[in-house]
Structure formats: structure tokens, C-alpha cells
Amino acid sequence: MSQDSEATLICLAGPTASGKSAAARAIASRWPVEVINVDSATIYRGMDIGTAKPSRAEQLDTTHHLLDILDPLDAYSAANFRRDALRCVQEIRARGNIPLLAGGTMLYFKALREGLNDLPSADPDIRLELEQRATRIGWPAMHTELAQIDPDTAKRLSQNDSQRIQRALEIWHITGTPMSVLLNAPAQRDAPVKTLTLSLEPTERSVLHQTIAIRFDQMLEAGLLQEVQTLHARGDLHTNLPSVRCVGYRQLWSLLEGETDLTTARLQAIAATRQLAKRQLTWLRSLPERKPIQACVPTTVDAVVQEVAALLN
């Protein structure tokens, strides 16, 4: 293995349901790999089916990191991920193995690759004030307020994305500067991180859409609704938490709250997953240095293995 390949982190990215897990398994079957999961949902305990978490057998075959590290009540940031992922990389390399970063949370990949901007810490008093105002006027109205002070951030957020709207308004109140301006400032790096991003990208979006629908139905058959019922029955979780807002979970949560029926919840979950995949692809295609690999075709896994072999051999 060359010095250059040892310094390069292999990143396997792609939209949901594009075949990342199968490609990661194929890589791990050929090289001494440990997988670092780049996923903002699989970090939560008790959320297995809806996050397509690696099975127990798969976890026994290949060591996986950053799975089941948090309770669904807890929050996890891109800064947390970067810290934990770089620690895992050091430990894996110390064991003589190869770290493989695989997943679909593009913000985590960005944080790893580019470093992080210096955003202010949360202010409990300001957050409480914003929550109280949102209770009075609603999050769409809060989104309108955000659009007046930070149109770039508002443009990329849904009117009901309470968590991110609140954070953007909080940053404005603390700093007097729009979050978009702070994010566009030069990032603060702990150290340069060189990556090779293998990007699984379907040529035919309709094929990915079909795969998403089939996979969600398989999740329902495997007990996803029962998994969400267990979380709902705890009594301490709610829809403002990142865990509950994960695609699939949020829609079935509405079913359990009596806000919709199963047929509607299923259609909404599939639509939300397709929207997520579209955002993931848009992000990936903005990276000029990525290596695109055609996804959702029989040759996908072989193509990924060839790219990894070219780096490692």
C-alpha cells in the first residue's frame, strides 16, 4: 500500500437505497476494513429497522463504528461526528486496518472533509424564547421571519423544519450575523483530511424510487411500525427531536398520534424518502472531486471494488 493511499480516507457515499451497504460488505470481504457509519439515524439505539442498520450478523463479520451510540432523546452534531470519526480513524489505523466511511449524511462527510465553521453554542434562554414565540405564531411564520434576515438559509429549509429554523434564528440573535454568512466563512480545520469519495448515483431516478418503495414495504413487514410504537410508548420522545424526525419514523409517529392512517403514512414516508434521496444526490453532484459510480445496476459493486483496488493495491 502506498503512502498516499494510507493517508486517504475512503468515503462511500450515495442516496438512500442506492446500494452502499452491499458495496461496503464487498470491500470488507476483500480488505481488512472497519466501517465508520456516516449516518445521523443509525447512531440511535432502538432504531434498527427504519434506519436499515447493519444486522447483528453483519456487525459480527465486520466491525462497525458509530452505531447505537445515543439514546433517541439525545442530539448529535456534525462537530460530534467529526471528532468521533477522526478518533475512530486513528484507532483503526493503529490496529493495522483500513477505515471505510460509509453512509448518506452529507453534512457529516462535509464536516470531515472541510472542517467546521465556528458557530456559537446553544443559548437556552434564546431557545426558550423562540419556542414560546413559535407556539404562538407557528413555525411557518418563524420561517418567514428567518427569510427576512437570512434568505439563503430560509431557502433551503422547509417551513416546518422547527429544529433548523430555531437554530438559524438563535445564531442570528446571538451574533447578529446570518448563519449562511458564518457557514461560508473559511472553515476551522483541526488538520487537512484527504478523501476519496466514491459516489453511488443512479442514472434512472425511477429505478431508485421503485427501490425506495419496495424497501419501505419490506421495513413495514419486518416490524417497523412496532419499532416506532415502542419508541412512542416511552412517553419522553416528541417530534422536535432529530431522532423522531427521521424519514419513516416521523410519518408513522403521525399515525400513532391519530393524525393520519397507515395508507397515507406509507405514501408520505416513501415521498419523504425520495425527497431525501434527491437532496443527497444534489449535494453529491456538487463535488467535482468525487468518483461517480452508476448505482442500482448489477455492476455497481464490482465498480466500487475496482476503484478501491486501484487506491489500495
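The values are calculated or read from the model by the stated rules, or taken from the named source; none is laboratory data. Being a predicted model, the structure only gives us computed values, none of them experimental. Counting neighbours? That spans all protein chains shown, and the Cβs are built from the backbone with ideal geometry, glycine included.
Assuming S158 fulfils every condition listed in (1) crowded, with 19+ Cβ neighbours inside 10 Å; (2) free of Cβ contacts under 8 Å to residues at least 24 places away in the same chain; (3) not aromatic (F, W, Y) apart from one, which condition is it?
(1)
Filter region 279-313 for residues that are among the charged types (D, E, K, R), modelled with pLDDT of 95 or more and in a helix (DSSP H, G or I) and give the result.
D302, E307
If I filter region 231-243 for residues that are of a type outside the set (K, R), closer than 28 Å to A23 by Cα and either in contact with a Cys (Cβ under 7 Å, 6 or more places away or on another chain) or at pLDDT 95 or above (or both), do I get at least one hit? Step through it out loud before you land on a result.
Going residue by residue through region 231-243, those that are of a type outside the set (K, R) are 231-233, 235-243.
Adding the requirement that they be closer than 28 Å to A23 by Cα leaves 242-243.
Next, from what is left, pick out any that are either in contact with a Cys (Cβ under 7 Å, 6 or more places away or on another chain) or at pLDDT 95 or above (or both): none.
Looking through region 231-243, none of the residues is of a type outside the set (K, R), closer than 28 Å to A23 by Cα and either in contact with a Cys (Cβ under 7 Å, 6 or more places away or on another chain) or at pLDDT 95 or above (or both).
Can you list the helices (runs of 4 or more DSSP H) lying wholly within region 159-227 that have 3 or more residues being in contact with a Leu (Cβ under 9 Å, 6 or more places away or on another chain) and within 16 Å of L130 (Cβ to Cβ)?
On the way: elements: 162-175, 179-183, 205-222.
Of the helices (runs of 4 or more DSSP H) lying wholly inside region 159-227, those with at least 3 residues that are in contact with a Leu (Cβ under 9 Å, 6 or more places away or on another chain) and within 16 Å of L130 (Cβ to Cβ) span 162-175.
Here is a list of conditions, (1) buried (at least 18 other Cβ atoms within 10 Å of the Cβ); (2) over 30 Å from W172 (Cα atoms), and L130 meets all of them except one; can you say which number that is?
Just one mismatch for L130, condition (2).
List every residue pair whose Cβ atoms lie under 7 Å apart, where the two residues are 6 or more positions apart in sequence or sit on different chains, the first residue falls within region 83-110 and is free of Cβ contacts under 8 Å to residues at least 60 places away in the same chain, and the second residue, located anywhere, is of a type in the set (A, V, I, L, M, F, W, C) and in a strand (DSSP E or B).
A85/I36; A85/L101; C88/I36
Identify, from the list R136, R95, the residue that is assigned by TED's automatic domain parsing to the domain that holds D39 and among the basic types (K, R). Step through it out loud before you land on a result.
Details: R136 fails: assigned by TED's automatic domain parsing to the domain that holds D39.
Within the list R136, R95, the selection yields R95.
How many of the residues in region 41-94 are surrounded by 15 or more Cβ atoms within 10 Å (Cβ to Cβ), touching a Leu at 6+ places or on another chain (Cβ under 8 Å) and polar (S, T, N, Q)?
1
Being basic (K, R) and surrounded by fewer than 18 Cβ atoms within 10 Å (Cβ to Cβ) is the filter here, so list the residues in region 262-289 that pass it.
Looking only at region 262-289, we keep the residues that are basic (K, R), and these are 266, 274, 278-279, 285.
Selection gives K278, R279, R285.
Against the definition (in contact with a strand residue (DSSP E or B) (Cβ under 9 Å, 6 or more places away or on another chain), over 18 Å from S18 (Cβ atoms) and of a type outside the set (D, E, K, R)), how does L311 come out, yes or no? Full working, then the answer.
Values: in contact with a strand residue (DSSP E or B) (Cβ under 9 Å, 6 or more places away or on another chain): yes; over 18 Å from S18 (Cβ atoms): yes; of a type outside the set (D, E, K, R): yes.
For L311, the condition - in contact with a strand residue (DSSP E or B) (Cβ under 9 Å, 6 or more places away or on another chain), over 18 Å from S18 (Cβ atoms) and of a type outside the set (D, E, K, R) - is met.
Among the candidates D123, D150, which residue alone is among the acidic types (D, E), surrounded by 20 or more Cβ atoms within 10 Å (Cβ to Cβ) and more than 30 Å from N37 (Cβ to Cβ)?
Result of the check over D123, D150: D150.
Only one residue in L237, L231, L255 is outside any helix (DSSP H, G or I) and more than 16 Å from A52 (Cα to Cα), so which one is that?
Values: L231 fails: outside any helix (DSSP H, G or I); L255 fails: outside any helix (DSSP H, G or I).
When all the criteria are applied, what remains is L237.
Which one of the conditions (1) free of Cβ contacts under 8 Å to residues at least 40 places away in the same chain; (2) in the same structural domain as P298 (by TED's automatic domain parsing); (3) surrounded by 17 or more Cβ atoms within 10 Å (Cβ to Cβ) does I165 fail to meet, given that it meets all the rest?
(2)
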